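J.: What follows is a single structure, and I will ask about it in a moment.
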Amino acid sequence: MKKSWSAYLLVGIVTLVSCLYSLPNIYGEAPAVEISPTVGEQVPENILNKVKVSLKNQNTFPETIKQQNGKIILMFDSPSKQIKAKSIISQNFNSRLNTNLNIVSRSPAWLSSIGADPMKLGLDLRGGIHLLLSVDINSMLLTQAQNNVKEIQAVLNLKGIKTKGIEVNPGNSAIKIQSQNPKLVAKTISDKFQNMEVTVNNSEVEVELGTTEKKNISDYVMEKTIATLNKRVNELGVAEAVIQRQGFDQVAVDLPGIQDAARAHSIIGKTATLRFYLQDQQHDPIKAQKDGAPSGTRLYYFKGQPILLEDKPILTGDSIAYATSTMAEGSPLVVIRLGQGGNAFNSATSKNIGRPMASVYVERKQHINMVRGQPILSSYNYERIINIATIQSALGNNFQITGIRSPEEASDLALLLRSGALAAPINIVQETSIGPSLGQDNINQGILSLQIGSGLVIIFMLLYYRLFGLVANLAISLNIVMIVAALSLIGMTLTLPGIAGIVLTVGMAVDANVLINERIREELRKGVSGLASIKAGYEQAFATIVDSNVTTLIVAIILFALGSGSIRGFAVTLIIGLLSSLFTSVTFTRLIVDTIYHKDKGSNKLSIGI
Amino acid sequence: MEFFRKTTCIDFMRLRKHSLVISLLLLVFSVGSIMHNGLRLGLDFTGGIQVELHFPNIVETANIRQSLEANNEPEVQVQSYGTARDILLKFQKINKNQDEFKQSLLKIFPNVEIRRIDIVGPQIGEELLNDGMLAVFLSVIATMAYIAIRFEYRFAISAALSLIHDPVLILGIFAFFKLEFNLISLAALLTILGYSLNDTIVVYDRIREAFKIYPEKKTFDIVNLSINQTLSRTIMTSGLTLMVVLALYIWGGPTLSGFALALIIGILVGTYSSIYIAGGFAVALGLSRETLIKPKKQSLAGTV
């Protein structure tokens, strides 16, 4: 049967597009150093020349130099040259240039311009760090509830309504009010606060934030957390970092190809800030060591001596707009510039001239507690007084902190202050660190098993089904190319289970061709003519092919929905593979078979192995 | 080349009671293994720390364990992993973070290459386990619903019963050989749930077609015939997928071996269960021509 041109056109376009968009993956990647200017939009020409000269002198000249978005990308042929180049450039051009390590594709620019980029490789194929952070939204809700308690008390006092007690349930952030007149309390509160849910149980009134309000707070906390993490990761100079919300209260952070694991871990994982407290000079700190700190104060230690500080800070990290670290007379210090809150700080310090003020470093740390025999990750605040200085004059928007222990601590602290405090405390609940050599091994093993698996199938199909087997093999190859193109286009990350999914698809997709060919053979055995057999075979098999793939698809979709990370990668390749196999195994092979056999009308001889 | 020159004439249905007994035995064996040996759950489900080490020379696990014990890291599982130079360490307790861990390991084994470190908090493991069970449950429901819509409810029930075989047997074999079952093995198990239905559906399709083509044959014979007709196709596709998965198992590396093994077991068991359980149960539940093909309504012209 002569096929219409549109069929050939469709198949042709699909084949061409698939080949084009899977092409970038062939070019491989190169270790690279990205240079961007510290000031201004572009690297000045003379600086670039100086960089080139210094690299050439040290035998670390790049293989290729590219320009992209104002950055200069130097591509090298080995990681050791890449690292050497970075240290040469950082040492000599520190003040003028920012340098970052990165892994860059070698595919030509014209491909990128049509949107054809190579597949992103997952951590298990590239190496890097993965962190799963759990955001403590409950503590935000709790803080909100505690604020609400103050407001509620104010309203009730205003109306002269007495209560027997107000407390907040730490488990669900619900406010419980004991009162002799619960109905009146309930009515007053719900009149004044529209967004809260008020219920009455006997003599107790329970006030909770409405569900939309809770969802808004959760979403806000998650967004702000992700934004802050993004800033921190940018500061680290990790390219291609992926920070995503996972589920209700978790954030997944992927840092591929990172070479300084320790630093990344501490910057992402650390929640640290500065707070400033006035010293309490009315009570005796030594007495407080025995009897406990009096209300309104807290007990700290500085250089071994106990000291009492007021428990309300006069300045917190939220007010810090910018911070850098520097050295002065051999000691590291952090320079701080305030944003909002500068005025309040100014007036507070002007009222307290002559009083000592402590700069306190606050870091959130985690440890393992055993609760009923089960290990539970919990966090606590670690606070350390960095410095106590007497307020000489009203402090304005710019000032310095001294007393920091090392230059690294100063620059880390400045980075954390710059990127802002996290909206809510976070715990690292899962982390994975994969070295680059393992990544390369995984790639090799994945590709090897794909080659051998497909190879076995191809040989078998050829021997068993002859020409029809050859056509099926062409379909398999096209299927693999289509999967690669699809993954590259949608920007999905390829993982090792993803490669396994591709291998599996090869085995499952060939199922369709077996079905068709067996049907054709059945018809031929009955004595039906060649062309009619082909027609019957394809038509009868089609419904069964669709049916049998649907069930695997259903399961793959469930896996995609419930899974995350590499499991999701597997589900995606399976889904794409099965869908594209419908096209390659049926439409594509039919077209080829019909093209080959349309001339021999009425022929009974098909090269199908019988 | 042909393996199945003529359509075979094996009387599958006569042996269906025997097959039921075999199935029950296999199920009992599996459940017994699981209860006796317990299922070794991987890091993803239990939480803890897992480290992949690569040494420049061949190492003995006993020496590694001694070195670790001497350095106050006693509660650790040491096993060989992949090649003779690779070692997998598993720690139950998380009492350090990643960098402290790396430092302490490098002190004990100065020349080692730390290829991978996984730290999973305990709560995550539980969440994943729950999500996994939910996924299995949803898959069974969804696929049952699909078959009920495409065919009819007796088929759906029989298919569901045959479905239960596969995961139970996979878990049983993992338990028997004390193999580790982790998240990716679970993904394989779920894939098998979907995949083994393929064969079942092909058989059902044939049965339905055969009812139409041979109006005079009994249900028993129809089912037998359908299975025989599809036998060549069933064995070939299972064989081809099996070939591919074997390639994964042998050459895919240690990470994928649990995954590939679950698939291998699943394909073998699934093929068997599609043939016997699915067909046999449908017959047992009263499958007949009438249940499958809805009787045509009396046309007005016919009643005159």
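The values are calculated or read from the model by the stated rules, or taken from the named source; none is laboratory data. All values reported here derive from a predicted model rather than from experimental measurement. Virtual Cβ from ideal backbone geometry, glycine too; neighbours counted across all protein chains shown. Note: accessible area is taken over every heavy atom of the protein model, side chains too, but ligands, DNA and RNA are not part of it. Shrake-Rupley method; radii C 1.70, N 1.55, O 1.52, S 1.80 Å.
J.: Per-residue Cβ counts within 10 Å, from other chains only, averaged over B:124-137: what number is that?
T.: Working: counts 6, 2, 1, 3, 5, 0, 0, 5, 3, 0, 2, 7, 2, 1.
Partner-chain Cβ atoms within 10 Å, mean over residues of B:124-137: 3.
J.: Mind ranking A:E34, A:E522 by accessible surface for me, highest first, 1.4 Å probe?
T.: Numbers: A:E34 20, A:E522 45 Å².
In descending accessible area the options line up as A:E522, A:E34.
J.: For the protein assembly as shown, what proportion of DSSP beta bridges, expressed in % and rounded to the nearest 5, is antiparallel? List each step's numbers first, then the result.
T.: Values: 122 of 127 bridges.
Close to 95 percent.
J.: Now a separate question. For A:V149, A:V528, give the ranking by accessible area with the largest first, probe 1.4 Å.
T.: Values: A:V149 20, A:V528 45 Å².
Accessible-area ranking of A:V149, A:V528, largest first: A:V528, A:V149.
J.: What accessible area per residue comes out for the protein assembly as shown, rounded to a whole number of Å², with a 1.4 Å probe?
T.: On the way: 42660 Å² over 914 residues.
Heavy-atom SASA per residue in the protein assembly as shown reads 47 Å².
J.: To the nearest 10 square angstrom, what accessible area does B:R233 show with a 1.4 Å probe?
T.: Roll a 1.4 Å probe over it and B:R233 shows about 10 Å².
J.: I'd like the distance between the alpha-carbon centres of region A:142-176 and region A:1-67, rounded to an integer number of Å.
T.: The two parts, judged by their Cα centres, are 60 Å apart.
J.: Further, regarding this structure: Just how much of A:K231 is accessible, in Å², when a 1.4 Å probe is used and the result is rounded to the nearest 10?
T.: 110
J.: Additional query: Just tell me which aspartates and glutamates come within less than 20 Å, Cα to Cα, of B:K107; anything on the same chain fewer than 8 places away is out.
T.: Within reach: A:D260, B:E52, B:E60, B:E69, B:E73, B:E75, B:D86, B:D99, B:D118.
J.: Given the peptides B:107-113, A:550-556, arrange them by the average over their residues of other C-beta atoms within 10 Å, most packed first.
T.: Working: B:107-113: 12.9, A:550-556: 23.1.
Result, highest mean Cβ count within 10 Å first: A:550-556, B:107-113.
J.: Here's something else I'd like to know. If one takes the longest principal axis of the Cα atoms in chain A, at what angle in degrees, from 0 to 90 and to the nearest 10, does the Cα axis of helix A:5-22 lie?
T.: 40
J.: In chain B, which helices (entire DSSP H runs) extend 30 Å or more along their own long axis, judged by Cα positions, while averaging at least -1.0 on the Kyte-Doolittle scale? Spell out each step's value before the answer.
T.: Details: long enough: B:16-37 (31 Å, 1.06); B:122-150 (43 Å, 0.97); B:153-176 (35 Å, 1.54); B:183-213 (46 Å, 0.94); B:219-251 (45 Å, 1.05).
Result, helices passing both filters: B:16-37, B:122-150, B:153-176, B:183-213, B:219-251.
J.: Which of the pairs A:K159/A:K183; A:K192/A:K224; A:K159/A:K214; A:K50/A:K84; A:K86/B:K102 have their Cα atoms more than 21 Å apart in this structure?
T.: Working: A:K159/A:K183 14 Å; A:K192/A:K224 29 Å; A:K159/A:K214 28 Å; A:K50/A:K84 16 Å; A:K86/B:K102 25 Å.
Those over the limit are A:K192/A:K224; A:K159/A:K214; A:K86/B:K102.
J.: How large is log10 I(q)/I(0) at q = 0.11 Å⁻¹ when the Debye formula is applied to the Cα atoms of region A:131-226, each weighted equally and without solvent?
T.: Relative scattering, expressed as log10 I(q)/I(0), comes to -0.34.
J.: Let me ask another. Based on the mean of other beta carbon atoms within 10 Å per residue, what is the order of A:424-430, A:10-16, A:304-310, most packed first?
T.: On the way: A:424-430: 21.3, A:10-16: 14.1, A:304-310: 16.6.
Highest-to-lowest ranking by the protection proxy: A:424-430, A:304-310, A:10-16.
J.: Kindly give Rg over Rh for chain B, based on alpha-carbon atoms, with the Kirkwood expression for the hydrodynamic radius. Don't skip to the answer; put the middle values down first.
T.: Numbers: Rg = 25.3 Å, Rh = 22.4 Å.
My calculation of the ratio gives 1.13.
J.: A follow-up question, please. Just how much of A:S95 is accessible, in Å², when a 1.4 Å probe is used and the result is rounded to the nearest 10?
T.: Accessible area, nearest 10 Å²: 90 Å².
J.: To continue, here is another question. So if we plug the beta-carbon distance of A:I490 and A:N172 into 1/(1 + (r/R0)^6) with R0 = 45 Å, what FRET efficiency do we get, rounded to 0.05? Could you put the intermediate results ahead of the total?
T.: Values: r = 40 Å, r/R0 = 0.89.
Plugging the Cβ-Cβ distance into 1/(1 + (r/R0)^6) gives 0.65.
J.: Here's something else I'd like to know. Starting from the Cα coordinates of region A:489-610, work out the convex hull volume and express it per residue in Å³.
T.: Details: hull volume 12.0 nm³, N = 122.
Convex hull volume per residue, Cα atoms: 98 Å³.
J.: Which one, B:L179, B:V203, B:V245, projects farthest toward the positive side of the charge dipole computed for region B:166-286 from Cβ point charges (K/R +1, D/E -1)?
T.: B:V203
J.: D for the protein assembly as shown, whole µm²/s, Stokes-Einstein with Kirkwood Rh over alpha-carbon pairs at 10 °C and 1.306 mPa s: what number? Could the numbers behind the result be given before it?
T.: Details: Rh = 32.6 Å.
Using the Kirkwood radius from Cα pairs, D works out to 49 µm²/s.
J.: Quick one: angle between helix A:79-93 and the longest Cα principal axis of chain A, in degrees between 0 and 90, rounded to 10, please.
T.: Helix A:79-93 sits roughly 40 degrees off the main axis of chain A.
J.: Another question, if that's okay. Determine the share of the protein assembly as shown's accessible area contributed by carbon and sulfur atoms, expressed in whole percent, with a 1.4 angstrom probe.
T.: About 56 percent, which is the carbon plus sulfur part of the accessible surface.
J.: Once you average over the residues of B:255-261, how many Cβ atoms of partner chains fall within 10 Å of each Cβ?
T.: Values: counts 10, 9, 0, 0, 5, 4, 0.
Mean number of neighbouring Cβ atoms from other chains: 4.
J.: If the cut-off is a Cα-Cα distance under 16 Å, which aspartates and glutamates reach A:K312, setting aside same-chain residues fewer than 8 apart in sequence?
T.: A:D280, A:E383
J.: To continue, here is another question. Expressed as an acute angle from 0 to 90° and rounded to the nearest 10, what is the orientation of the C-alpha long axis of helix A:407-419 relative to the principal long axis of chain A?
T.: 80
J.: Straight-line reach from A:K290: which lysines have Cα under 20 Å away, leaving out those fewer than 8 places along the same chain?
T.: A:K303
J.: So, one more: What is the ratio of the Cα radius of gyration of region A:156-297 to 2.2 N^0.38 Å, where N is its residue count, to two decimals?
T.: Values: Rg = 23.1 Å, N = 142, 2.2 N^0.38 = 14.5 Å.
Ratio of Cα Rg to 2.2 N^0.38 Å: 1.60.
J.: Roughly how big is the protein assembly as shown's charge dipole about its Cα centre, with Cβ charges of +1 (Lys, Arg) and -1 (Asp, Glu), in debye to the nearest 20?
T.: Values: 84 positive and 71 negative charges, 321 e Å.
Dipole about the Cα centre, nearest 20: 1540 debye.
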